[in-house]
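Take a look at the structure set out below.
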Amino acid sequence: MKVLPASTALRARVALRPHTAVLMDHHGALSAGELLDLVHLHRRRHRGTPPAGLGSLPATAPLRQVLVTVLAGNGVLELRSHGSTGPPHLRRRGPLTAGQLSSLADLARRIGLRRGRRIACLAPGVHGHGLMIALGALALGAPLVDLTHLPGPERVALLHHSSPDLLTGVPVHLVDLLRADTELAGGRTLRIPHVVSGSDLLTPDLRADLARHYRAQVHDVYGTSGTGPLAVDGRPLRGVRLRAADGLLHARTPFTGRRELVTDRGEILADGTVDVLGRADGAVSSGGMLPDPGAVVRVLRSHPAVAAARLRAVPDDRFGVRTVAEVELAVRADGIPAPSSDELRALIRDRLGAASVPHDVLLSDPGTGGLGAGC
């Protein structure tokens, strides 16, 4: 059975509480009424044209822009796939079924997502992880704190100012925040009851560090953009059927209909919990986020001192794969100094977000063809 399109249902839900804060970011607080005003303005500007979907947004789109785009749309959601169950591409989802809503409600219950609880999100809203949290928070009436795409000091300041009840992100986001909070918080301690990790493997050491630093209950959420969420802390969600065969996990969920999809390498333990070991295709994501190689190369080539650039991946013990940008500098006669690897990393971070920044940048001196390492 189909329910109301996401945009219609969410607009109706938000309209019931116009004075309630729905979002906090570096611009300040945004009320439900102000969000609806932005939605109406967006729809008037695009009257007579097909609604632009999430696929048209840049990777650095803030969560308020994501929410406006969803609420102004026709109910079809576009999210960027990381390719666990197939090649990376945009996935489109229409109205949610009763079974899908039941599975998502079970997810919210297990991770502590409740009405009135403040939710801080590190995952970009154009990706499935961030989008699910943003829309779930809006539907439940849980104020959302946008920590995406912020420099470390601003992120830590907003985190402490908002004092969230739940923090969520990809493991590499959580590692970066934990490091920045330790260095920049000035001895201030912050308790966050629930920390949610998803989109990549959560190591025992990181789980223990997060639990200790934030005095938190840490949840590990497993799922793919093709199957939807599958399990929390190894336990399958309501409506999810998982089985293991020949070292591969097979999933049938409310989001796959009658189809069974191979998700990752793993096994089902004797107590029924799921143990994920890696991707089924042998490849691994870089910290759970998929940088767009073409976009990274285009940003690098946009620098006036860069003659050519390419992005490649090499094995890495921590991330599974490490991205390396190889940059050939241009010969310039205008006196402008050549950029450092840190400057090029900052350029990519500003344009595409932290998830797209290469782990290494190798600079080739003009006219020599030799590579100089940038760490």
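Here, each number is a calculation from the coordinates, and none is a lab measurement. Just so it is clear, the structure is predicted and the values come from calculations on it, not from any experiment. As a convention, Cβ positions derive from the backbone with ideal geometry for all residues, glycine included, and neighbour counts pool all protein chains shown.
Structure values in brief
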item	result
For the stretch 151-176 and the stretch 20-65, distance of Cα centres in Å	22 Å
Sorted by Cβ neighbour density within 10 Å, fewest at the top, the residues SER356, SER102	SER102, SER356
For VAL145, distant residues with modelled amide H under 5 Å away	MET24, ILE119, ALA120, CYS121
